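Note sheet for the following structure.
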Amino acid sequence: MKSNLIKDTTMQERIELIRKWEETGGCESSGIDLMDFYDDYIRGEREIAEINADFTTKYISDIPEDESKGCAMGIPLR
């Protein structure tokens with residue numbers, strides 16, 4: 001399998017990779033436009049792993065401070 005790192009791909013290859021993910025990933029129902037989401041990767045500015053890590057960090061950091069609201073996910077309600 002060929003490396004997907006920016007240094008090992010052309011812009012066209014990066015575009016084709018993201019298009020394949022759109023076709024096979026079933027992301028159309030998620031509301032995420034993968035071409036937009038991975039735009040920095042396509043332009044050669046950030047690696048896929050960096051973009052994914054940033055998304056995960058933002059997702060985790062959006063947890064409300066007040067844990068007494070929501071489903072609690074195993075945390076006792078106050």
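The values are calculated or read from the model by the stated rules, or taken from the named source; none is laboratory data. What you are looking at is a predicted structure, and each value in this text was computed from that prediction instead of being measured. Every residue, glycine as well, gets a Cβ built from its backbone with ideal geometry; the counts of neighbours run over all protein chains shown. With ligands, DNA and RNA removed, areas are computed over all heavy atoms of the protein, side chains included. Shrake-Rupley method; radii C 1.70, N 1.55, O 1.52, S 1.80 Å.
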Near pairs, Cβ below 8 angstrom, 6+ apart or cross-chain, from the stretch 42-59 (at positive phi) to any residue that is open to solvent by less than 70 Å² (accessible area, probe 1.4 Å) and modelled with pLDDT of 90 or more: GLY44/ILE6; GLY44/ARG14
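Just give me the residues in the stretch 17-63 being of a type in the set (S, T, N, Q), at pLDDT below 75 and not in a loop (DSSP other than H, G, I, E, B), in sequence order.
Across the stretch 17-63, the qualifying residues are THR24, SER29, THR56, THR57, SER61.
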task: Note down all Cβ pairs under 7 Å where the first residue falls in the stretch 1-25 and is in contact (Cβ under 8 Å) with a residue 24 or more places away in the chain, the second is small (Gly, Ala, Ser), and they're at least six residues apart or on different chains.
output: ILE6/GLY44; MET11/GLY44
